[in-house]
1. Which value in deg cm²/dmol, rounded to the nearest 500, describes the helix-derived mean residue ellipticity at 222 nm for the chain, given -39,500 (n - 2.57) per DSSP H run of n ≥ 4 and division by the residue count?
2. For labels at SER31 and ILE9 in the simple 7 Å Cα→Cβ model, what's the distance in nm?
Amino acid sequence: MKICIWILIIWIFIVLILQQGYLCQVLVWISVVIHMVIVQNDMMSES
């Protein structure tokens, strides 16, 4: 499951760089995605 998430993140990273080239925007986007994944994992662990 986590491997699929990382592949998705890397794929989004590559696509955004190729389309726009805005590295800062890509990094912020990835940070938000990772944060959401971590929060989701924490919620699942608690319940």
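1. Calculated at 222 nm, the ellipticity per residue is -31000 deg cm²/dmol.
2. 1.4
Where a number appears in this text, it was derived from the coordinates with a stated rule and is not lab data. In this text the structure is predicted, and so the values were computed from the model without any measurement. Positions of Cβ are generated from backbone atoms using ideal geometry, with glycine treated the same way; all protein chains shown enter the neighbour counts.
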